[in-house]
1. Restricting to helices (runs of 4 or more DSSP H) lying wholly in the chain: which have 2 or more residues that are in contact with a Ser or Thr (Cβ under 7 Å, 6 or more places away or on another chain)?
2. Tell me, which residue of segment 45-63 that is among the aliphatic types (A, V, I, L, M) and within 20 Å of Gln80 (Cβ to Cβ) is surrounded by the fewest Cβ atoms within 10 Å (Cβ to Cβ)?
3. Take Glu87 and tell me if it is under 23 Å from Met5 (Cβ atoms) and free of Cβ contacts under 8 Å to residues at least 60 places away in the same chain.
4. Does Glu17 satisfy the condition of being of a type outside the set (Gly, Ala, Ser), surrounded by 14 or more Cβ atoms within 10 Å (Cβ to Cβ) and at pLDDT 95 or above?
5. Quick one: would you say Gln77 is of a type in the set (S, T, N, Q), surrounded by 13 or more Cβ atoms within 10 Å (Cβ to Cβ), closer than 27 Å to Val7 by Cβ and free of Cβ contacts under 8 Å to residues at least 12 places away in the same chain?
6. Assess whether Ala38 counts as being modelled with pLDDT under 95 and of a type in the set (Gly, Ala, Ser).
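The values are calculated or read from the model by the stated rules, or taken from the named source; none is laboratory data. Just so it is clear, the model here is predicted, and its values are computed rather than measured. Heads up, the Cβs are rebuilt from the backbone with ideal geometry, glycines too, and the neighbour counts pull from every protein chain shown.
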Amino acid sequence: MAGAMCVSKKIEVADRELNRTYQAALKRIRAEEAFEQAHVSGVEYEEPFRAAQRAWLKFKDAECEFRGGITTSSPWQTVQIEQCKLEMILERIEYFKTVFVG
């Protein structure tokens, strides 16, 4: 139980950072979209970016449920699933920072 609570607390912190970096990435994407639309009509970046994030969130949950399900069937399964989610969130934060926020 303590292990799951610890990971859950880390996920809360990581989720806030993910939201912050997502918002920063979205701001940059909006600026790039506005610049491109001034030169080329029909350019759309924001909605595909939002759709990609929604898909990633679903993937993260499905992937971690799968990983947790194959690693153990003990009470530690929940911890494994949550740890997977934490790792994927941290990877996504780094992706946003590297590609969009820099």
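1. 76-96
2. Restricting to residues being among the aliphatic types (A, V, I, L, M) and within 20 Å of Gln80 (Cβ to Cβ), the top hit is Ala62.
3. Yes.
4. So Glu17 passes the test.
5. So Gln77 fits the description; yes.
6. Spelling it out, Ala38 is indeed modelled with pLDDT under 95 and of a type in the set (Gly, Ala, Ser).
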